1. Could you grab the pairs with beta carbons closer than 8 Å, sequence gap of 6+ or different chains, first residue in the range 467-495 and closer than 18 Å to Leu82 by Cα and among the β-branched types (Val, Ile, Thr), second one open to solvent by 30 Å² or more (accessible area, probe 1.4 Å) and assigned to a loop (DSSP other than H, G, I, E, B)?
2. Which residue, of Leu155, Leu146, is modelled with pLDDT of 95 or more and either of a type in the set (Gly, Ala, Ser) or surrounded by 18 or more Cβ atoms within 10 Å (Cβ to Cβ) (or both)?
3. Hydrophobic (A, V, I, L, M, F, W, C) and part of a strand (DSSP E or B): does that describe Leu332?
4. For the range 302-329, give me the residue count where each residue is acidic (Asp, Glu) and either within 17 Å of the chain's Cα centre (by Cα) or outside any helix (DSSP H, G or I) (or both).
5. Kindly indicate the residue of the range 23-38 that is hydrophobic (A, V, I, L, M, F, W, C) and closer than 16 Å to Ala472 by Cα and also most open to solvent (accessible area, probe 1.4 Å) among those meeting that condition.
6. Considering only residues that are among the β-branched types (Val, Ile, Thr) and over 28 Å from Val477 (Cα atoms), look in the range 342-380 and name the one that is surrounded by the fewest Cβ atoms within 10 Å (Cβ to Cβ).
7. Which is at pLDDT below 95 and either β-branched (Val, Ile, Thr) or open to solvent by less than 50 Å² (accessible area, probe 1.4 Å) (or both), of Gly297, Gly292?
8. Within the range 163-177, how many residues are in contact with an Asp or Glu (Cβ under 7 Å, 6 or more places away or on another chain), open to solvent by less than 60 Å² (accessible area, probe 1.4 Å) and modelled with pLDDT under 95?
Amino acid sequence: MGGPPNQPNPLYLRPALAPRSAALTAAAAFLHTLADGLSTPLNVVIPDQIAENAARFDAVLRRHRLAGGVYFAHKASASSALLRRLAATDSCVDVASLEELQHALACGFTPDRITATGPKDPAFRYLGTRVGVTFHVDGQGELEALAGLVRSHGLAPVRVLLRLSGFPSSGVRRLTRRSRFGTPVADVPRLLDVVERCGDAVELLGVGYHLDTVSADEKALALEGCVKVMDMCRARGLRPRVVDIGGGFGVSYLAEAGQWEAYTTELIRAVLAARPPLAWGNHGYGLRNEGGTLAGGLSLYPAHREVAGPAYLDDLLSTRAPSLGRPLAALLLENLYDLHVEPGRALADQCGLTLARVLEVRRDGSGEGGDVWSLRLDLNTGDCPLEDHGILVDPLVIPTPAAGRGRGSDVVSDGPVGVHLFGNLCLESDLITRRRVFLPRLPAPGDLLCFVNTAAYCMDFGAHEAERRPRARKVAVTAGPQGDTWRWRLDTHYWPLAPEAPAHRNGTDRQEEASA
């Protein structure tokens with residue numbers, strides 16, 4: 001895997017590609033047609049993929065003979081198409097703002113399929129209570145506020161899930177991550193006193209947690225803790241029936257574990273000055289060199305996971321409870337408790353990609369690590385903030401037709417090359433990634449770079465209109481019967497209708513459709 005004489009061995013981080021993503025990224029002419037017509041940056045979502053992902057999570061629940069539901073954490077994506085496609089399945093949705101609640105209702109979710117979570121302002125609480133969604137409640141104050149709304153407006157009792165935190169461990173002490181959400185388990189008796197006092201206005205549906213970790217040990221401790229609190233509730237005459245374990249099931253972004261291991265090993269060597277830098281300014285992603293000794297910790301999302309998504313949930317449910325000793329799924333089943341899960345990132349896995357046009361290719365000189373190349377893209381860090389979420393993967397090069405190759409670049413390299421990816425903002429800090437990215441060949445101006453698997457958190461979370469640049473457009477695509485042709489619509493115009501059905505309100509919208 002060696003590079004040309006003046007280039008170091010490439011340290012690729014090739015993205016994992018599900019069949020739909022692989023087929024879409026292979027449709028170069030179709031993607032260029034989209035980019036030519038709608039410009040870049042351009043976000044492309046694949047609604048059918050999220051339905052398939054939801055079915056896989058459902059299959060895990062059925063395998064363990066558990067009732068319950070899969071709730072998409074809406075905050076992971078603002079796409080209307082993804083939400084509308086999900087509404088056409090048996091899945092549910094978890095919303096974290098008034099606007100997300102309104103969006104979920106407009107996309108076809110009925111209130112009994114919606115939970116409301118996170119910090120809630122009065123308008124969010126009012127609409128949720130008025131239409132009858134279920135609330136995740138962080139503490140006594142929120143519980144009393146909901147009860148007050150119900151009483152003052154003469155509404156039906158509101159269903160609530162008590163969000164818990166601070167789960168104690170017995171025997172070998174397990175450290176649990178501190179959370180600013182939820183009521184510590186030690187304070188649950190006082191919270192249940194409030195539930196009983198508000199019995200005319202709230203219905204206790206169950207308990208839950210959300211841990212900002214992928215540690216299976218922490219999650220097992222929390223799930224067992226929830227079962228114990230459910231027992232406490234029943235001992236007081238309450239009748240909860242749901243345990244909600246949130247999300248955090250993980251995604252494997254890379255195709256090969258070996259590439260991740262090789263990259264992180266070489267990153268450590270670079271930080272310790274044992275090899276040329278691998279990142280802009282020899283950035284260490286949390287690692288640092290203190291007098292020749294490695295210090296700090298790697299603050300990156302573990303890009304390759306052997307077990308992620310539905311498989312992670314399957315493993316968790318098969319895990320024995322830390323103190324009760326029974327498999328966690330068995331504990332839920334024996335008590336006839338329903339299980340709610342709230343994947344966000346994992347449910348949107350492989351559901352979208354982001355396209356950026358290459359505007360400029362420049363050789364900035366040569367260094368100890370080989371030629372130094374810079375690519376300026378029609379994209380900025382707000383359009384695709386991969387590194388804000390600690391994700392490192394290589395973009396794919398989608399070349400223009402052969403006639404356009406080499407335009408504007410002073411040297412064309414046909415072999416592996418290391419490049420820095422700069423954004424289109426007039427800011428020194430606008431690096432799409434600080435990492436020196438290795439590509440199989442040097443792109444030319446006009447080529448597209450395709451950032452894969454960006455539907456969760458990357459497309460929408462950091463989007464802005466700095467320098468009056470418009471936000472990236474978003475389209476939804478569906479594959480033809482043979483999987484080798486594609487149709488598209490603007491994200492906001494997509495509905496999960498059969499292709500021949502009239503999906504648009506007027507004839508001009510038909511111009512949004514195209515085939516590869």
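1. Matching pairs, first to second residue: Thr478/Pro499.
2. Going through Leu155, Leu146 in turn, just one is modelled with pLDDT of 95 or more and either of a type in the set (Gly, Ala, Ser) or surrounded by 18 or more Cβ atoms within 10 Å (Cβ to Cβ) (or both): Leu146.
3. No; evaluated as a whole, the condition is false for this residue.
4. 1
5. Only one residue tops the list, namely Leu38.
6. Of the residues in the range 342-380, the ones among the β-branched types (Val, Ile, Thr) are 354, 358, 361, 372.
Within this subset, residues satisfying the condition of being over 28 Å from Val477 (Cα atoms) are 361, 372.
Values: Val361: 24, Val372: 15.
Looking at residues that are among the β-branched types (Val, Ile, Thr) and over 28 Å from Val477 (Cα atoms), I get Val372.
7. Working: Gly292 fails: either β-branched (Val, Ile, Thr) or open to solvent by less than 50 Å² (accessible area, probe 1.4 Å) (or both).
The conditions single out Gly297.
8. 1
The values are calculated or read from the model by the stated rules, or taken from the named source; none is laboratory data. Just so it is clear, the structure is predicted and the values come from calculations on it, not from any experiment. Positions of Cβ are backbone-derived with ideal geometry, glycine not excepted, and every protein chain shown enters the neighbour counts. Accessible surface areas use protein heavy atoms only, side chains included; no ligands, DNA or RNA. Shrake-Rupley method; radii C 1.70, N 1.55, O 1.52, S 1.80 Å.
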